[in-house]
Structure formats: C-alpha cells, structure tokens
C-alpha cells in the first residue's frame, strides 16, 4: 500500500471523528426543530448555534492541519447576551447557514465515507485470511464480512480473492474518498466569497495606524503637561523655598536668633521638591525620551550606542517616517538590551542593527558575551516583551549557555 | 549686575526675580516669550540673560534659539540657559558660537543658591558653566582619545568643562594647585594639544571633550 493511501486513510479516519460530532449535532438540531413546533425548542437555538460553531471550528482546525487553508469566517464572536441579540448576530452572519449546511452533509455523507474507510481494511483483511482459519470456526460463524455463508473451500478461496480485489480498489479510491469527505468543509466552512477579508485587513490596519498616532499625540501631551506644568511648578517651589531660606538666614543674622527649626523645615521642603523634580524627569524619560523628539530614532539610537558601557556598533539605514510609539518601543528595546549586555553578559562588544522591511521594523541586538539569558531572570526582558507585544510585535531571544546572545524584535509600523 | 530673565511659567519667573533681587542683582526685565526677551535685551543691554529652553509657541528649543540669536546681536551678552532635562544637542548648539560667557544648567540647580549664583558670576565674567549632569552624560560616551585619560584626569577635565579654574578644581579634588597643573599638562599631551598662541588649550580640551 502506498503512502498516499495510508495518508488518505488517516484523513478519512480523522474526518470520521468530526463526522460523528456533526452527526450528533444534526440529530440534536432535528430534535430541537421538532421541539420548536411546541415553542420550547426556540430557547435551545442559541446554545445549538454555539455548539455548531465549536464543531465547525474543530473541522477547520483539522483541515488546516492537512494543509487546506480554511479561515474562520465569523464576523463577530458569539459574545452577545440575551436570546434576541444572539439570534440577531447569528442571522446576520452568512457563516451560520453555511455551518448548518456543512453539518448536514458532513454528518451524513462524511460519516458514511469515514465508516467505509475504517471498516473496509478490517473486513478485507478478515476475508483475505479466511482460507487459513475457515476450518477452525464453528459452522454458524463460517460467513464472509458481508454475511454470505461459505460452505465449500473453493468458495472460501473466491471470497479471499474478492477481498483482495476490493482492497486494491479501496486503496486506489482512498485519496479520492478523502478529498470527497473534505469537500463540504472546504466549500462551506470558508468565508462566503462575498466577504472580502482583505477589506477587513485594510480597515484594521488603518484603525491601528490611527490608534498609534493618537497614542503618540497623547504621549506628547503628557510629556508637555509634565515638563511645562508640574515640573515648572515644582522648580518654582524649590526656588521660592530657596528665597525663604536666604531671607531666614539674613533675619537670623540680624536678630541674633537661631531659628534652626524653621530652617530645618525649609531644608526638608527643598530636598523633597528637588527629589520630586528628579523623579518626574525619570517618569517623562520612561514614557517619551526627549531625545527621540529632538533627534529621531536614528539619532537617539546612536546616542544609546555611544553611551553604552560595552563598545557598541550601530547599523541603521534610512528608516523613514515611523509612528512615534513604534520609535519609543524600539528605543526602549535597544536601551534595555544594552543595559542587559553591560550588566549580565560580560561581552566585549555589542551590535545593534535596525532595519525597515516594508511594514516591519526589525531591531536586532547581539553581543559576544557568555549567553544564558532568560526572561525569568529579572533582566527586564519581560518588560521588553510586554512593550513589544502591545504593538503586535514579536520578540525572539537566542541565548545559549556560553553565548552569544541575540535579541530580535519585529514591530509592525504601517507602510 | 543687570539681568534679563526669559521664563514662560509665571510662578517660576516670579521666583527667579525674587531670588535674584534678594541677592542684590538688578533684574531689569522679565519676559515670558522669545520676542519679548529679544526686545528687552535690545532695550536694556543687560550683563547676563537667564533663559528657559522651553518657551512658547512650541515649547521645544525656542529658548536656545533666542539665546543664540541674542548672542549674535549682542556678542558681549552672557547667557545662562535653564533646561528641564539634559539635552546634549542644546548644549552643543549653544557652545557652537563660542564658550565665553555661556552656561547650561538644569532648572532645579537654581534651588542650590550658592551654586547657581556661582555659575551666574562665572558666566558674567566670561567663563563657562556646565551642569554636572551634562558632563556626566558626556562622560559615559566613549571615544578613542578620551580613553587614554586616567580616571583622575577625566575628573579634572570634567571640572574644567564645568568652567572651574585651577584653584577651584584643586579645592574640589582636595589636591594642590601644582597637582592639578600636572594633570592638565598630561591631558593636553594626551589630546595632542601643543602650546600655541592661537588657541586657548583649556577651551580646546573642553571642546574636544564636549564634542567627542
């Protein structure tokens, strides 16, 4: 038997699994439909729809595993609550009816094909070996798999020969049967041809670009509010307290009083305000490094590379216009990675590469250190991952014990 | 000493006026935006201008540009720039036109009144005043000639960049004047600065350092 036939049998057997489920769902639907005639069945429709979707999703997963790309077509997840809302969502989605048609075909035709595929080899094997054990069983058991009584040895030989021929035919037909069984799924479980997924993709891309831009505007607004508002007020406090301290000192000198209490209080007020200013600057830097606004990503990265404790080479081509939040993320990835290189790797040199491939910004930071970096080690890699994933990006860490270490980050940045 | 202030935040502007007046300076004008500041400088011809980097309309580097412009129009004017954060590009722009009478401080240094007044005097007398943060940031950068310096020599160079003279450096590092001179000679040698009459080697070393 060829490999194709084996694979086809495997598919048919797998299809039998979902076909049994589809058959059960079909039976339930018939029962529910009958119950609808007296009213109570109506309540069962939404859960039945959910069950149908679940089974259909299972079949999609199975077909995808076999390389037949079947994308989930639902316009909306079934998250509405309340009978009317759920019914409305389901009715508006053409996929609902296509799912039902699939249940009807796969639960019948698919089931029959699956059963034949699974039983056929067993039956033919039994009949083909019939001549060897025919004489050993009681007379009432001397029947072929198709229940024909066999009483003479030549008949046994004929039956065995027929079984072999049937098996050969089955092997030849198996791939076609498998295709036939998968056909309803491939036809009906894909999105209806009228639903253009590319339009949805375009819309999602546009809304994401809009969200990124809004995010950037928001970052700028916060940065401005903190620098020009809160920070200035705090510095004004620092200055005013300083003025008060100087006045107090003069007063103390003129009057001969010690005035140590008020002076200590003012000292405390001043150092608290100064600390607040420093902390505020740290906060602003962590949400939008001022250098990014002033010099763009390439400039900011070369400043990072120049400031790295481990000698660091930077290659960055012309990156073009990037959303500010993507630049911020890329900046923090490099900053955090270089900090890790300096702190943990023992490397002698590091390399930062930043490249743009159409709608992707690729950032690679590598070093020649001792490796063994893990996200669990409190190395700030978890923070990088969260930032990157918030932008739908991916991060790959390669760090074998003994080195070297490479962090590769890809960020979608519109096109 | 006659001073013009350019600061857009009303509260901080008043604080600065209060502080400087209290210390016996004459604040001849306090402007809230770049144009008013340039007009005030033209009108009052002050000795020193104290300028905030971020000012209307865009709150980015208007203050630096106004300061550079004021220096172009009035080359004798000393300028002390106050910044919300350290941005080396600001410092470089400011120093591009020359290091005489220029200062760049973080805003909150004003609260350390002695340091602030010291910087103000130094700038007014034609010296340089750089915030230790600026120097510290520049220090983390690596550059071949700088790597030849010893830790002590870098310290000395950093203090030179802040604008301190030999005696002040000696006091800060608790060494003798002669010791400081020895370090400085060594720095000049390592940075390949030969003694000539054309170039002030001290300024050249600092510039070298700032630009590296």
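Results, tabulated for the structure shown:
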read-out	value
Flag for residue A:241 being at the interface with another protein chain (Cβ under 9 Å from one of its Cβ atoms) and in contact with a strand residue (DSSP E or B) (Cβ under 9 Å, 6 or more places away or on another chain)	no
Residue identified as away from every other protein chain (no Cβ under 14 Å), part of a helix (DSSP H, G or I) and over 24 Å from the mean Cα position of the chain (by Cα) among A:226, A:180	A:180
Count of residues meeting criterion [at the interface with chain A (Cβ under 7 Å from one of its Cβ atoms), buried (at least 20 other Cβ atoms within 10 Å of the Cβ) and under 18 Å from residue B:115 (Cβ atoms)] in region B:1-33	4
Test: residue in region A:248-265 that is modelled with pLDDT of 85 or more and within 9 Å of chain B (Cβ to nearest Cβ)	yes
Selection status of residue B:79, touching a helix residue (DSSP H, G or I) at 6+ places or on another chain (Cβ under 7 Å), buried (at least 17 other Cβ atoms within 10 Å of the Cβ) and within 14 Å of chain A (Cβ to nearest Cβ)	no
Matching residues, region A:240-272, being in a helix (DSSP H, G or I) and either within 55 Å of the chain's Cα centre (by Cα) or at positive phi (or both)	A:240, A:241, A:267, A:268, A:269, A:270, A:271, A:272
Test: residue in region A:206-220 that is in contact with a helix residue (DSSP H, G or I) (Cβ under 8 Å, 6 or more places away or on another chain) and within 14 Å of another protein chain (Cβ to nearest Cβ)	yes
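Results for (1) under 16 Å from residue B:158 (Cα atoms); (2) assigned to a helix (DSSP H, G or I); (3) within 11 Å of chain A (Cβ to nearest Cβ); (4) out of contact with any helix residue (DSSP H, G or I) (no Cβ under 6 Å at 6 or more places or on another chain), shown as yes or no for each residue.
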{"site": "B:72", "(1), (2), (3), (4)": "no, yes, no, yes"}
{"site": "B:75", "(1), (2), (3), (4)": "no, no, no, yes"}
{"site": "B:92", "(1), (2), (3), (4)": "yes, yes, no, yes"}
{"site": "B:95", "(1), (2), (3), (4)": "yes, yes, no, yes"}
{"site": "B:114", "(1), (2), (3), (4)": "no, yes, yes, yes"}
{"site": "B:118", "(1), (2), (3), (4)": "no, yes, no, yes"}
{"site": "B:134", "(1), (2), (3), (4)": "yes, yes, no, no"}
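Every residue, every condition in (1) crowded, with 22+ Cβ neighbours inside 10 Å; (2) at pLDDT below 80; (3) in contact with a strand residue (DSSP E or B) (Cβ under 7 Å, 6 or more places away or on another chain), yes or no:
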site	(1), (2), (3)
B:102	yes, no, yes
B:121	no, no, no
B:124	no, no, yes
B:128	yes, no, yes
B:165	no, no, no
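The values are calculated or read from the model by the stated rules, or taken from the named source; none is laboratory data. Fair warning: this is a prediction, and the values are worked out from it, not measured in the lab. All Cβ positions, even for glycine, are placed from backbone atoms using ideal geometry, and neighbour counts span all protein chains on display.
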